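Here's the structure, in structure tokens; my notes come after.
The values are calculated or read from the model by the stated rules, or taken from the named source; none is laboratory data. This one's a predicted model, so the numbers in the text were calculated from it and none came from an experiment. All Cβ positions, glycine included, derive from the backbone under ideal geometry; neighbour counts span all protein chains shown. Heavy atoms of the whole protein, side chains included, go into the accessibility calculation; ligands, DNA and RNA do not. Shrake-Rupley method; radii C 1.70, N 1.55, O 1.52, S 1.80 Å.
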Amino acid sequence: MAEIEREAMEYDVVIVGAGPAGLSAAIRLKQLDADLNVVVLEKGSEVGAHILSGAVLDPCGLDALIPDWKERGAPLNVPVRKDNFYLLGEAGKFRVPNWPMPPLMSNHGAYVVSMGNVCRWMAEQAEELGVEVFPGMACSEIVYGDGGEVKGVVAGEFGKNADGTPGPNYEPGMELHGKYVFLGEGVRGSLSKQVIAKYDLAEGKEPQKYGLGMKEIWEVDPDKHREGTVTHTMGWPLGGNAGGGSFIYHIENNQVYVGFVVHLNYKNPYLYPYMEFQRFKHHPMVADLLKGGKRVAYGARAISEGGWQSMPKMVAPGVALLGCSVGMVNVPRIKGNHNAMLSGKAAAEAAHAAIAEGRSADELTAYEADVRDGPIGADLRKVRNVKPMWSKWGLMPSLALGGLDMWTNAIGLSLFGTMKHGKTDAAATELASKHKRIDYPKPDGTLSFDRLTNVAFSFTNHDENQPAHLTLKDPDVPVKVGLAQYAGPSARYCPAGVYEFVEEDGKEPRFVINFQNCVHCKTCDIKDPPQNIVWTTPQGGDGPNYPNM
């Protein structure tokens with residue numbers, strides 16, 4: 001095929017991803033210099049369409065970026081009024097008192113929000129400052145300069161046939177070049193993954209760790225609604241099968257966010273994270289809240305959990321990684337949006353200073369120093385051992401020792417140093433022969449739902465004629481390795497039912513990829529034991545269309 005010719009547009013800074021990190025960077029750049037040319041490219045059909053988060057937002061990032069956010073109408077309308085933490089058994093619960101918890105665990109001063117709506121508002125602020133924000137523009141390739149530096153991205157390529165050749169309505173897209181390119185794609189972004197590999201940015205770091213977060217929005221009986229109440233749980237139904245827990249956040253309009261996180265370092269390939277979430281809703285405490293209500297939305301996405309030890313080098317020539325492209329979630333607080341905002345602000349300040357000095361396409365070392373030595377580093381260093389403790393010792397020991405470690409770290413002392421994570425989440429998966437199948441109750445259609453029914457509530461859509469954005473390094477591996485050795489975990493770990501093994505009489509099972517269902521969570525790219533599945537971005541505008549996630 002002949003080399004594709006594309007037009008090019010020049011900018012000072014090109015930003016991939018209209019999440020909290022990318023939008024913060026765009027806003028800060030224009031605050032510093034209104035004459036800078038800044039563009040934000042978002043693969044979702046609109047800003048916020050691919051944003052899924054809990055979320056209880058620590059406003060420190062917004063305070064630093066837009067101090068008058070309240071006057072500007074930011075959608076932070078529900079302050080946290082009550083903080084609950086429970087350990088669950090199958091039928092009972094034990095409330096953990098708040099007083100022994102480290103101060104950093106308090107949600108006082110935080111807000112229950114829809115991060116999708118916060119990002120929509122942030123995009124409005126950016127556009128008022130003169131930022132060009134283009135939704136529906138997936139970035140499919142990195143453009144490299146003659147010296148190996150990142151020069152830009154290819155965005156807006158549409159109309160390929162299923163086999164990858166240009167179709168009758170093919171649009172080649174454009175190259176958008178920048179003095180600097182910021183990647184704010186979120187967890188396990190396809191371009192960020194390429195940049196980390198090309199420049200070996202993860203050398204000397206612990207492997208990144210992940211969780212799978214699933215979330216439903218429910219409208220509940222007004223008599224049961226308690227606006228501003230925040231509840232977290234651990235324990236049942238996961239038990240010793242996996243780490244993780246739940247959140248229940250009471251937002252406005254008699255709505256409740258019900259979410260469940262499963263750490264992806266679980267060993268048993270028969271574990272079915274989605275069904276663990278559905279089973280959780282039948283706990284008496286949760287069922288009582290939801291009965292008489294209705295589910296109005298569903299979604300899922302991976303969460304970076306490696307923290308301080310797993311953060312790769314954040315800069316390479318011409319490019320900087322922002323927010324969850326690096327992994328800035330404070331795991332015990334279940335918060336990362338504030339750090340994403342602070343990282344965008346820091347990257348913008350470093351790029352502004354560099355451009356003012358006449359520099360371009362070099363490494364923004366000032367940005368990395370700001371992250372590691374500033375408020376983001378201070379936030380993450382204190383909690384760096386909580387995740388590895390949980391992985392090594394389980395729930396109860398990690399609660400006690402993790403709490404002790406957070407208390408001592410608050411005064412600059414750590415009894416445990418910096419613990420290691422060890423294996424990747426894919427490598428943590430053990431052979432099926434070492435484990436027993438797990439029987440899950442059938443969804444009742446009232447509190448719990450099958451995957452495909454729920455995926456309809458993510459409002460996901462993909463053009464079926466395009467190339468599948470989920471590719472296999474070797475098409476034989478899913479059956480010969482994944483199914484034969486690991487009992488086909490891809491059919492379970494995907495929260496959208498993308499993967500299935502179809503058995504036909506007298507024939508070898510066939511591996512089917514229903515990419516139209518994909519909610520862009522990236523779990524397959526993370527958890528597949530042989531690391532044979534590769535997630536790439538589909539054409540712009542495709543994927544979930546989350547309303548208020």
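Brief remarks on what is shown
- Within the range 209-234, restricting attention to residues that are assigned to a strand (DSSP E or B) and touching a helix residue (DSSP H, G or I) at 6+ places or on another chain (Cβ under 7 Å), the residue that is nearest to Ala496 (Cα to Cα) is Met214.
- Consider the range 390-418 and keep the residues that are without any contact (Cβ under 8 Å) to a residue 24 or more places away in the chain and among the hydroxyl-bearing types (Ser, Thr, Tyr). The one that is farthest from His263 (Cα to Cα) is Thr408.
- Within the range 430-458, residues that are over 30 Å from Ala49 (Cβ atoms) and charged (D, E, K, R) reach partners that are part of a loop (DSSP other than H, G, I, E, B) and open to solvent by less than 40 Å² (accessible area, probe 1.4 Å) with beta carbons closer than 6 Å, at six or more positions or on different chains, in the pairs Arg437/Tyr270.
- Subset tally (residues that are open to solvent by 40 Å² or more (accessible area, probe 1.4 Å) and either in contact with a Lys or Arg (Cβ under 9 Å, 6 or more places away or on another chain) or charged (D, E, K, R) (or both)) for the range 138-171: 10
- Members of the range 324-363 found to be aliphatic (A, V, I, L, M) and assigned to a loop (DSSP other than H, G, I, E, B), listed by number: Val326, Met328, Val329, Val331, Ile334, Ala361
- Residue in the range 379-422 that is most open to solvent (accessible area, probe 1.4 Å), counting only those that are polar (S, T, N, Q) and under 26 Å from Leu342 (Cα atoms): Thr418
- Listed by first and then second residue, the pairs linking a residue in the range 222-243 that is at pLDDT 95 or above to a residue that is among the acidic types (Asp, Glu) and not in a loop (DSSP other than H, G, I, E, B), with Cβ atoms under 7 Å apart and 6 or more places separating them unless they lie on different chains, are Val230/Asp83; Pro237/Glu276; Leu238/Glu276.
- Taking the criterion of being open to solvent by 10 Å² or more (accessible area, probe 1.4 Å) and over 30 Å from Trp218 (Cβ atoms), the residues of the range 313-324 that qualify are Lys313, Pro317.
- Checking Arg295, Arg301, Arg279 one by one, the residue that is in a strand (DSSP E or B), surrounded by fewer than 24 Cβ atoms within 10 Å (Cβ to Cβ) and under 25 Å from the mean Cα position of the chain (by Cα) is Arg295 and no other.
- Among the residues of the range 118-137, those that are open to solvent by less than 20 Å² (accessible area, probe 1.4 Å) and in contact (Cβ under 8 Å) with a residue 60 or more places away in the chain comprise Val118, Cys119, Met122, Ala123, Gln125, Ala126, Val131, Val133, Gly136.
- Figure legend. Inter-residue proximity from the range 172-198: first residues under 22 Å from Ala351 (Cα atoms), second residues basic (Lys, Arg) and open to solvent by 40 Å² or more (accessible area, probe 1.4 Å), beta-carbon distance below 7 Å, spacing 6+ or different chains. Indicated pairs: Glu175/Arg6; His177/Lys151.
- Residue satisfying condition, being in a loop (DSSP other than H, G, I, E, B), modelled with pLDDT of 95 or more, hydrophobic (A, V, I, L, M, F, W, C) and open to solvent by less than 50 Å² (accessible area, probe 1.4 Å), within set Ala18, Ala25: Ala18
- Close Cβ contacts (under 9 Å, 6 or more residues apart or on different chains) running from residues in the range 1-26 that are under 18 Å from Glu157 (Cα atoms) and aliphatic (A, V, I, L, M) to residues that are modelled with pLDDT under 95 and assigned to a strand (DSSP E or B) comprise Met1/Pro166; Ile4/Pro166.
- Residue tally, condition open to solvent by 40 Å² or more (accessible area, probe 1.4 Å), within 30 Å of Asp405 (Cα to Cα) and touching a residue at least 12 places away in the same chain (Cβ under 8 Å), over the range 73-103: 9
- Subset of the range 142-191 that is within 19 Å of Leu470 (Cβ to Cβ) and among the hydrophobic types (A, V, I, L, M, F, W, C) - its residue that is farthest from the chain's Cα centre (by Cα): Ala162
- When residues of the range 53-72 are limited to those that are open to solvent by 50 Å² or more (accessible area, probe 1.4 Å) and part of a loop (DSSP other than H, G, I, E, B), the one farthest from Pro20 (Cα to Cα): Glu71
- Residue match in the range 107-115 (condition: of a type outside the set (D, E, K, R), part of a helix (DSSP H, G or I) and open to solvent by less than 30 Å² (accessible area, probe 1.4 Å)): yes
- Tabulated pairs, the range 329-340, first at positive phi, second assigned to a strand (DSSP E or B) and of a type in the set (A, V, I, L, M, F, W, C), C-beta under 7 angstrom, 6+ apart or interchain: Ile334/Phe247
- Condition check for Lys205: assigned to a strand (DSSP E or B), among the basic types (Lys, Arg), over 28 Å from Ala496 (Cβ atoms) and in contact (Cβ under 8 Å) with a residue 24 or more places away in the chain: no
- Screening Asn545, Asn465 for residues that are open to solvent by 30 Å² or more (accessible area, probe 1.4 Å), at pLDDT 95 or above, under 25 Å from Val47 (Cα atoms) and not hydrophobic (A, V, I, L, M, F, W, C) leaves exactly one candidate, Asn545.
- Among the criteria (1) open to solvent by 40 Å² or more (accessible area, probe 1.4 Å); (2) over 21 Å from Gly543 (Cα atoms); (3) under 25 Å from the mean Cα position of the chain (by Cα), the one Ser448 does not fulfil is (1).
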